[in-house]
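The values are calculated or read from the model by the stated rules, or taken from the named source; none is laboratory data. As the structure is a prediction and not an experimental result, all values here were calculated from the model. Neighbour counts are summed over all protein chains in view; Cβ atoms, including those assigned to glycine, are modelled from backbone coordinates with ideal geometry. Only protein heavy atoms, including side chains, enter the accessible area calculation; ligands, DNA and RNA are left aside. Shrake-Rupley method; radii C 1.70, N 1.55, O 1.52, S 1.80 Å.
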Amino acid sequence: MPVFRLPHASAYLVALSGGADSRLLLELSVRALLEREPGTEVGKRLLAAHLHHGIRGEEADRDEAFCRRICEELGVSFLSERVDIPALAAATGESLETAARRARYHFFRRIMEERRIPVLLTAHHADDNLETVLDRLLRGSGTKGMGGIPPVRSLGQTAEGMNLTVARPLLTWTKREILDACADLGLEFVTDSTNEEATYTRNRLRHIVIPALEDLAGAGIPQRAATRLTRTAREDEDCLMRLAEEQVSRHLSPSGDGLRLEVLQGLYPAISKRMMALLYDRATEKANPRDGSGTLSAAHLESLSELIQKGASEASVTLPRCMEARVRDGWLYIRSAEPPPDLPTTPVLLSEGITSWGEAVQITVEKCSDPMPPESGVGIWASALFPADLPLPLIARPRQAGDEILSHGMHKKLKKVLCDKGIPPHLRNMIPLLCLPDGSPLWYPGAVFRDGYPPPHRGACIRITVRLREKL
């Protein structure tokens, strides 16, 4: 059995799902605590937390009941809570997996703050780490992403200044070693049926890719290789970030939200990109932006690199969390973007003629006897031709969570289409979604059309043009 080390702390919160991994984590934590401090009252030092995701019905109820029973048998304090993850995912546009992870860590942190528990223990293991590396490889991650799952990570501080940490004592254990240990110790555990579904990327990596790698290299070898790789990548990332932090400290503008352009241009991209990421983090924290979601991707950093190499005055890049990077007077500044103009909160009907959409957008609907070219030029955001029998009036409304549009024979999530098309975040809610009279989406200007309304090549038609009244 591999070595298990319980970090020293005044109290521990154990993330308990009931599966083999977390069941073994709880068991070994209890044993390690009693071995280190014989006679200690386990329930005062260990609290197990279980989050019911509201996804698997009776199976999820079974898991919660199992976790409660095991904790009673071990003398461990237990706390559970229920969250409707499908509803949360639908509201945010996230995948079930992403929404569940965010909800879990929000739940764990709240408990740690309320109960003054400094350390969270999770049951991530070597197979999880390998899956993470493979998944990030598919996404094109850099050094930070290839660092995999860290054995220890800071969760920040409480308002009173207590440091919060997540530790993963099983991270060097393979899944096979965990199952063998459960069998040797006679531990019961439950199985999540969704772990077998091939629709999830991680499950396919787990059940198809990793076994194939083990066939090539030997049982447990890919996991151990990934452990070495991620440790080296984390060391490299720590070194590069430290160098970037030193440069930021030396060259930060007096306002705290800018870096001198010539400094960024003269450094290796590995340093300058990290400097810009640090500047972004500082600026967003200072600005307290309206939109608290989003972070810099590799694509954002590439755009920032192009911006500083060109060095064109007043050139800018739109960034997540309502932020903007702009070159001005030899400096790169990252600041909160200007707030958008007021927008309609109710649908607006579009008949023939000119209609205003809030303060910034104007929509023109024209009936033409012959096809005319779409309009172009200054102030034109998008212009398109539609068949003459297009039903009017159309409906212009703000996009909503969950909006889909039928395009190329598939119902596509509008949010994903806008991301793929590169529509700047600050414009996505300013430009209205145009819908047919029955409410079904017809056209998001500049991004996607509904199937079934091709532009006519001859005869009468309808031309719709969306103008921006000011530079947005």
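Given their separation in residues at 0.36 nm each and the Cα-Cα distance between them, ARG428 and ARG450 gain 6.1 nm when the chain is fully extended. Taking Lys and Arg as +1 and Asp and Glu as -1, the other residues whose beta-carbon sits under 12 Å from that of GLY353 total -1. Computed over the chain, the per-residue total of -39500 (n - 2.57) for DSSP H runs of n ≥ 4 gives a 222 nm mean residue ellipticity of -12000 deg cm²/dmol, rounded to 500.
For the chain, with all protein chains in place and a probe radius of 1.4 Å, 52% of the accessible heavy-atom surface sits on carbon or sulfur. Each of the peptides 51-57, 39-45 was scored by the mean count of other Cβ atoms within 10 Å over its residues; in descending order, highest first, they stand as 51-57, 39-45. Of the listed residues LEU468, LEU6, the order by accessible area with a 1.4 Å probe, largest first, is LEU468, LEU6. Highest mean packing first, where packing is the average number of other Cβ atoms within 10 Å per residue, the peptides 349-356, 433-440 line up as 433-440, 349-356.
Over the stretch 98-200, calculate the relative contact order: mean separation of alpha carbon pairs under 8 Å at least 6 apart, over the residue count, as a percent. Rounded, it is 29 percent for the stretch 98-200.
With a cut-off of 11 Å between beta carbons, the residues surrounding GLY258 carry a summed charge of +3, where Lys and Arg count +1 and Asp and Glu -1. Were the residues from ALA312 through ALA91 laid out at 0.36 nm apart, the gain over their Cα-Cα distance would be 75.6 nm. Solvent-accessible area of ASP403, all protein chains in place: 20 Å² (probe radius 1.4 Å, heavy atoms, ligands and nucleic acids excluded). In terms of distances greater than 26 angstrom between alpha carbons, the cross-link table entries LYS273/LYS310; LYS310/LYS421; LYS367/LYS415 yield LYS367/LYS415. Values (i) 255; (ii) 189; (iii) 209 are given for comparison; volume of the Cα convex hull per residue in Å³, derived from the coordinates here, is the one labelled (ii). Of all DSSP beta bridges in the chain, what percent run antiparallel (nearest 5)? That works out to approximately 75 percent antiparallel.
Computed from phi, the 3J(HN,Hα) profile of the stretch 98-106 under the Karplus parametrisation 6.51, -1.76, 1.60 (θ = phi - 60°) reads 5, 4, 5, 5, 5, 5, 4, 5, 5 Hz, with x in place of Gly and Pro. Full extension of the chain between ASP184 and MET162 gives 4.1 nm of extra length, using 0.36 nm per residue less the Cα-Cα distance.
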